[in-house]
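Each remark here refers to the structure printed beneath this line.
The values are calculated or read from the model by the stated rules, or taken from the named source; none is laboratory data. Being a predicted model, the structure only gives us computed values, none of them experimental. FYI the Cβ positions are ideal-geometry reconstructions off the backbone, even for glycines, and counts take in every protein chain you see. Note: areas computed on protein heavy atoms with side chains; ligands, DNA, RNA excluded. Shrake-Rupley method; radii C 1.70, N 1.55, O 1.52, S 1.80 Å.
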Amino acid sequence: LTRNTVEFDGPLASILLDEASRHPDVGILSPCEEHWAEREYLNGRSTVYVWHVNHLIWLVSRPFVESLMERRDPSYLNLLYDGSNFRGYGADTELVIKGYMNEFATALTTRAIFRENTDLIRNHADLMRTEHYDFNQQLVFTEGEEWMRRKYGFNSRHLLQAYAKMAFDRFFELNPHLDHHRLS
């Protein structure tokens, strides 16, 4: 899954697939953005399990998707993401939570690197059939916060992320054999 502002060089998919095969407990695997400060927290490890990850590009495993997808009456509104959250604010954290609650970790790897080019949407929003970047960003936050309050009762993204951290911690209580992959 990738956002339309993502750019990368080289064989990103094959690197992510190779890394995913090394981590069968991972449901969501994200490459690292070339300028992220988070890279420092990996302490020389190439892949760590995290409770918060970017919303820009992911490799998701088939077993993860199959464990979460709507089976009875799937549609564009409910296959994997909650379609009532049109712009996706908080959807990344929601999937991370669902993953950890269903025994799938989320991981960040430095084996693959990408970069975000927001100029693509700033300069070509009309071709993407979306609002201008600044207006779209306002809608992302206002609509997303409303969705979060309605669905979870949380008044901030920070509270949703705290819930993700609790699911992350619980995952490692139940899976202590994976603790060496944990971001500490």
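Within region 23-44, residues that are open to solvent by less than 100 Å² (accessible area, probe 1.4 Å) reach partners that are among the acidic types (Asp, Glu) and outside any strand (DSSP E or B) with beta carbons closer than 8 Å, at six or more positions or on different chains, in the pairs ASP25/GLU103; LEU29/GLU19; CYS32/GLU38.
Count of region 69-98 residues, restricted to those that are surrounded by fewer than 17 Cβ atoms within 10 Å (Cβ to Cβ) and either basic (Lys, Arg) or not in a loop (DSSP other than H, G, I, E, B) (or both), is 2. Being within 18 Å of VAL48 (Cα to Cα), at pLDDT 95 or above and among the aliphatic types (A, V, I, L, M) is a condition met by at least one residue of region 171-182.
If you go through region 35-68 and keep only what is aliphatic (A, V, I, L, M) and in a loop (DSSP other than H, G, I, E, B), you end up with VAL53, LEU56. The selection criterion, being within 11 Å of the chain's Cα centre (by Cα) and either open to solvent by less than 60 Å² (accessible area, probe 1.4 Å) or modelled with pLDDT of 90 or more (or both), does not hold for GLU19.
Under 6 Å between Cβ atoms, which residue pairs at least 6 apart in sequence (or on different chains) link something in region 59-84 that is within 17 Å of GLU103 (Cβ to Cβ) with a partner that is open to solvent by 80 Å² or more (accessible area, probe 1.4 Å)? From residues that are within 17 Å of GLU103 (Cβ to Cβ), the pairs are MET69/LEU79.
A count restricted to region 108-128 and to residues that are open to solvent by less than 50 Å² (accessible area, probe 1.4 Å), under 11 Å from PRO31 (Cβ atoms) and out of contact with any Lys or Arg (no Cβ under 8 Å at 6 or more places or on another chain) stands at 4.
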